[in-house]
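> Got a structure for you, questions after.
Every number here is computed from the coordinates shown, using simple stated rules; none is lab data. Predicted, not measured: the structure shown is a model, and the values here were computed from it.
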Amino acid sequence: MEAKDVDLIKTLVDQDAEIKGLWDQHTDLNKVIDKMEKKGFLNETETLELKELKKKKLAGKTKLQLSLDKYK
């Protein structure tokens, strides 16, 4: 996500509940994904979970981008 988009999100978080929810979800998923990726070895279940989390994060990012487009 571009820096200008992040700046726009930070200004809109207090004004738009949808953007706030999507941003919170995005940052939470990012933390979990980073933590899992730092783990040296993932078993099969963890690997599948990581893939699902990444898909969920991407879907949320797409929704967030669409919501931001209203303000651009």
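> Of the candidates 35, 54, 20, which one comes out as most mobile in a Gaussian network treatment of the chain with C-alpha springs shorter than 10 Å?
Largest GNM mean-square fluctuation: 35.
> Follow-up question, since we're still on this one. If you consider only alpha-carbon coordinates, what radius of gyration and Dmax does the chain have, in Å?
14.0, 43
> Here is a further query. Quick one: angle between helix 44-69 and the longest Cα principal axis of the chain, in degrees between 0 and 90, rounded to 10, please.
10
> Now, a different point. Pull up the cross-link candidates among the aspartates and glutamates for residue 54, meaning alpha carbon to alpha carbon under 13 Å and not fewer than 8 places away within one chain.
In chain and number order, the partners are 28, 34, 37, 46.
> What angle, in degrees between 0 and 90 and rounded to the nearest 10, separates the Cα long axis of helix 17-38 from the longest principal axis of the Cα atoms of the chain?
In the chain, helix 17-38 runs at an angle near 30 degrees to the longest axis.
> If you don't mind, there's one more thing I want to ask. Over what distance in Å are the Cα centres of the stretch 18-36 and the stretch 52-70 separated?
Here the two parts' Cα centres lie 10 Å apart.
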